[in-house]
Amino acid sequence: MNQKHDAGDSLYRKDPKVYPRDVKGTFASLRKLAVVVLLGLYYILPWINWGGNQSVLFDLPARKFYIFGLTFWPQDFIFLTLMLIIAGLSLFFVTAVAGRLWCGYACPQTVWTEVFLWMERWVEGDRNKRNKLDASPWNRNKIIRKTSKQVLWISFALWTGFTFVGFFTPIRELGHSIITFQLGNWETFWLLFYSFATYGNAGILREQVCKYMCPYARFQSAMFDKDTLVIAYDEKRGEPRGGRRKSDNPSEKGLGDCIGCTLCVQVCPTGIDIREGLQIECIACAACIDVCDQVMDKMDYKKGLISYTTEHRLGGNESHVFRPRIFVYAFLLLALVAGVLWSVNHRVLLRADLLRDRNALYRELADDRIENVYTLKLINMDSVLHNYQIEIVGHDDMVLFISPEPVLEPEEVGNFILRMQAPASLGRGSVEVDVRFSTMEEPFIERTVSTRFLMPFD
Ligand code: SF4
Ligand code: SF4
């Protein structure tokens with residue numbers, strides 16, 4: 001059915017600006033701690049060196065990733081894939097046990113928005129002052145405050161973009177390139193792009209990202225069941241809500257414990273009213289728990305009108321933390337973590353590729369011997385220099401020659417010419433030969449590579 005709209009009508013409804021009220025309490029302190037720890041790690045890690053390299057550096061041009069003293073090569077990308085799977089599974093596990101814990105305390109959108117809100121509060125004051133400032137006409141005070149906030153936000157966003165690029169380009173070199181105006185095009189693009197994304201998401205869009213853009217908010221309900229921890233208002237206890245004096249007896253007035261102060265709505269960063277029931281917009285930040293507990297304290301009522309609970313508990317039933325799906329997630333997670341740790345610990349830090357010389361299949365030497373020539377590519381994936389010993393396994397009558405000397409610096413890639421010689425009596429057609437590479441000093445590293453040694457057919 002077609003609907004007619006007046007020229008001035010719009011299908012777009014602008015959401016009112018949400019200026020959450022500042023809140024103090026146990027969960028607010030935990031959230032601040034999470035912000036300080038997580039953003040502290042983000043901003044400080046690139047400046048810390050570990051084992052001679054930046055502690056976390058995804059060096060894309062060199063195709064090497066440095067993570068806390070470990071170097072990952074393109075051959076190791078399976079580990080990075082597994083780490084991403086572990087991160088995803090951890091999210092499922094935490095969500096099944098504790099609901100939107102990730103959203104409330106650890107999601108980048110939450111932590112950066114929190115910092116942008118701190119800056120806004122420093123400059124413009126608390127919720128009431130910010131609302132008043134918005135409603136006031138443009139005057140000197142408003143221009144100074146709004147401009148100062150933008151300067152703070154943009155500086156912080158640029159520093160965030162700079163740090164982001166610092167995970168892909170050594171951050172000290174990056175800083176030097178900026179100071180000397182020698183920043184490359186790609187680095188400039190990503191620095192500005194990430195800065196803009198931070199400013200836009202944490203400064204301008206804020207709760208809109210959680211409400212309308214985040215896909216996780218949509219599909220996580222599939223991981224919820226009636227025993228998942230959620231933040232909820234105890235309707236049975238709170239209703240009917242209404243104002244009263246502290247000295248009043250609520251039951252005599254026919255009232256529940258909610259005094260209708262709306263503080264839980266004022267502190268909500270997504271601007272919802274938790275008293276209307278569980279809502280997809282709730283990011284489980286627990287600000288409403290903190291503020292309502294303070295109200296309950298002031299009224300001498302029992303705390304917990306809004307609390308972490310489960311749907312089962314709300315309905316008066318018993319709640320179970322240990323459910324089959326929790327065991328399945330925990331088992332998969334443990335098995336994957338143990339597997340990855342074991343595999344990373346047992347990686348062979350040497351790569352050897354033998355490539356046959358395609359120009360000559362084999363050479364017949366004067367002393368009735370056959371020679372095959374190979375190009376050997378050796379990669380020393382270790383962080384110390386190595387001399388390599390190279391030997392043919394199981395063929396005492398074969399010899400090999402290599403040039404130049406197989407000595408490689410840490411993380412060096414070297415190309416060598418390898419010549420293998422065998423008596424003509426060794427066989428006909430082709431013979432499989434195993435070549436063993438090993439280090440001549442600690443730590444001992446060994447790898448065996450198979451290749452084919454070609455002989456005359458007749
Ligand atoms: S903060 Fe508590 S008492 Fe105040 S309106 Fe919200 S639920 Fe009711
Ligand atoms: S309803 Fe409560 S827990 Fe949910 S987002 Fe709002 S303040 Fe945070």
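Values quoted throughout were computed directly from the atomic coordinates according to the rules given, and no laboratory measurement underlies them. Note that the structure is a prediction, hence the values are computed from the model and not measured. FYI the Cβ positions are ideal-geometry reconstructions off the backbone, even for glycines, and counts take in every protein chain you see.
Quick rundown of the values:
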quantity: Karplus (6.51, -1.76, 1.60) ³J(HN,Hα), θ = phi - 60°, over region 139-155, in Hz, Gly and Pro reported as x; calculated: 10, 4, 4, 5, 5, 5, 5, 5, 5, 4, 4, 5, 4, 4, 4, 5, 4
quantity: Under Karplus coefficients 6.51, -1.76 and 1.60, residue-wise ³J(HN,Hα) of region 68-85 in Hz, glycine/proline x; calculated: 6, x, 9, 10, 10, 9, x, 5, 9, 4, 4, 5, 5, 4, 5, 5, 5, 5
quantity: Top positive-direction residue, dipole computed over region 42-176 with Cβ charges, set LEU101, VAL115, TYR43; calculated: VAL115
quantity: Simple Cβ-charge dipole of the chain, Lys/Arg +1 and Asp/Glu -1, about Cα centre, in debye nearest 20; calculated: 3020 debye
quantity: 26 Å Cα-Cα threshold exceeded, pairs from LYS24/LYS298; LYS226/LYS253; LYS32/LYS149; calculated: LYS226/LYS253
quantity: Leading residue at positive end of dipole, the chain (Cβ point charges), from VAL267, THR228, LEU158; calculated: VAL267
quantity: Pairwise centroid distance, computed over Cα atoms, of region 238-274 with region 408-423, Å; calculated: 78 Å
quantity: Cross-link reach list, lysines versus LYS64, counting only Cα pairs under 25 Å and skipping chain neighbours closer than eight places; calculated: LYS377
quantity: Cut-off under 5 Å, modelled amide H: who pairs with ASN53 long-range; calculated: none
quantity: Charge tally in the Cβ shell below 10 Å around GLU235, where Lys, Arg are +1 and Asp, Glu are -1, GLU235 excluded; calculated: +1
quantity: Neighbour cut-off at most 16 other Cβ (10 Å), DSSP loop, GluC sites (Glu not before Pro), region 200-291; calculated: GLU252, GLU281
quantity: 3J(HN,Hα) from dihedral phi, region 174-187, Karplus parametrisation 6.51/-1.76/1.60, rounded to Hz, x for glycine, proline; calculated: 4, x, 5, 4, 5, 5, 9, 6, 10, 5, x, 5, 5, 5
quantity: Gain on full stretching of the segment that runs from VAL449 to ASN185 - 0.36 nm per residue minus C-alpha separation; calculated: 90.8 nm
quantity: Residue among ALA202, GLY394, ILE78 farthest towards the positive dipole end of the chain, charges placed on Cβ; calculated: ALA202
quantity: Cα long-axis angle, helix 287-298 against the chain (0 to 90 degrees, to the nearest 10); calculated: 40 degrees
quantity: Neighbourhood charge, 14 Å Cβ-Cβ cut-off, centred on ARG31 and excluding it, Lys, Arg +1 and Asp, Glu -1; calculated: 0
quantity: Under 5 Å, built H, 5+ apart or other chain: amide partners of ASP357; calculated: VAL373, TYR374, THR375
quantity: ASP126 long-range amide H proximity, modeled H, under 5 Å; calculated: none
quantity: Environment charge at LEU80 (Cβ cut-off 14 Å; Lys +1, Arg +1, Asp -1, Glu -1); calculated: +1
quantity: Coil-residue trypsin sites (Lys or Arg not before Pro) of region 363-428, DSSP, other Cβ within 10 Å capped at 11; calculated: ARG428
quantity: Total charge dipole magnitude, region 350-454, about the Cα centre, Cβ charges on Lys, Arg, Asp, Glu only, Debye to nearest 20; calculated: 560 debye
quantity: Under 13 Å from LYS303, Cα to Cα: aspartates and glutamates that are on another chain or at least 8 residues apart; calculated: ASP234, ASP257, ASP290, ASP293
quantity: Mean ellipticity per residue at 222 nm, deg cm²/dmol - from DSSP H runs of n ≥ 4 across the chain, formula -39500 (n - 2.57); calculated: -11500 deg cm²/dmol
